[in-house]
Amino acid sequence: MEKLTINHWAEEDRPREKMERLGASALSNAELLAILIGSGSPRESAVDLMKRVMNDCNNNLNTLGKLTIRQLQQYNGVGPAKAITILAACELGKRRTMERPEERADLGSATAIYNYMHPRMQDLDVEEAWILLMNRNFKLIKSLCVSHGGLSETAVDVRVIMREAILSNATVLALCHNHPSGNARPSHMDDTLTQRVKKAAELMRVYLLDHVIITDGRYYSYHEEGRL
C-alpha cells in the first residue's frame, strides 16, 4: 500500500497545522522534530522517521543530543542538513535551560512609567503615543508606538490599541504620550482619548492603569490626579 505523506494527512494531524491550532505543547517530540526536518523519505513520513529515531533514543531528548551527525545520517531520509538541524535544536534547548529568565519591567506606577518612557521620548520634537501592555502583576509584556504625529497632537486609533492588547494577552494597559512643548497639562483631546480608551478597555475586560503625559523632566498622570 502506498505510504501517505504528511501533505495527504488530515489537516488536524499535520504537525505544523496542529502546532498553529493547539500550541507547541500539544505535539510529541517526534512531531516537533518532524517540523524541523521538513520531510522524511519515500518510505516514511517525517513524523514516522523521527518516531523511529526517538525510539532508538528511548524517547529521551538528552540521548538524542548526544548523537553525532554521522550517527543521525545512518537513518534513511536524514542527510547532513537534517542532522545538523536536529543537533542545532538540541543545543538551543540546552542553552535555554542555562539562561536566566528575562526580567520584565514593573510599571505599576506613574513614576515607573515615566522612568521607562522618558529616555525614549525626551528628545522627540513631535508627539508620539505609546501603549504599555502588562500582565496582572504590572509586568511589561510589550511596549509599542501606536502613533507618530505633529508638534501639538497625534492621532490614535483605539482599535489598534485594543487589538494589540488582545493579541498580547494583556490584562493591564497604560497609555502615554509626550508634549514637545514642555507643558505637561492635558488638552481636551487628551481627555477625550483617555475616556475612549477607558471605555474600550472596560468592554474588553482590560484594566486601563494610567494615561501618562511626558515632558522632559515632568509628567502628568491621570491616575494620580484621580481622573480614571
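The values are calculated or read from the model by the stated rules, or taken from the named source; none is laboratory data. Remember, predicted model here, so these are calculated numbers, not experimental data. We place every Cβ from the backbone using ideal geometry, glycine too, and count neighbours over all the protein chains shown. These accessible areas exclude ligands, DNA and RNA; they are computed on the full protein's heavy atoms, side chains included. Shrake-Rupley method; radii C 1.70, N 1.55, O 1.52, S 1.80 Å.
Observations
- Spherically averaged projected area of the chain from its Cα convex hull (nm²): 16.9
- Summed over qualifying helices (DSSP H, 4 residues or more, each -39500 (n - 2.57)) and divided by its residue number, the chain shows a 222 nm mean residue ellipticity of -12500 deg cm²/dmol.
- Cβ-derived FRET efficiency at R0 22 Å, Arg21 paired with Asn58, nearest 0.05: 0.15
- Accessible surface, region 77-116, averaged per residue in Å² (probe 1.4 Å): 71
- Gaussian network model of the chain, springs between alpha carbon atoms under 10 Å - residue of Val212, Val197, Val53 with greatest fluctuation: Val53
- Cα Rg, Dmax (largest Cα-Cα span) when computed across region 20-66, Å: 10.9, 32
- Working from label points 7 Å from Cα in the Cα-to-Cβ sense, the Glu102 to Asn115 distance is 2.1 nm.
- Each DSSP beta bridge with both residues in the chain is either parallel or antiparallel, and the antiparallel ones are about 75%.
- Per-pair calculated FRET efficiency, R0 = 35 Å: Ile166 and Leu124 via Cβ, rounded to 0.05: 0.80
- Sparsely packed loop sites in region 79-164 (the chymotrypsin sites (Phe, Trp or Tyr not before Pro) outside DSSP H, G, I, E and B with at most 14 other Cβ atoms within 10 Å) do not occur.
- By the equivalent-ellipsoid construction on the alpha carbon gyration tensor, region 74-162 comes out with semi-axes of 43, 19, 13 Å, ordered largest to smallest.
- For region 61-168, the share of accessible area belonging to carbon and sulfur comes to 51 percent (1.4 Å probe, ligands and nucleic acids excluded).
- As computed over region 179-228, the Cα convex hull volume per residue (Å³): 73
- Along principal axes, Cα extents of region 102-228, largest first, whole Å: 34, 30, 27
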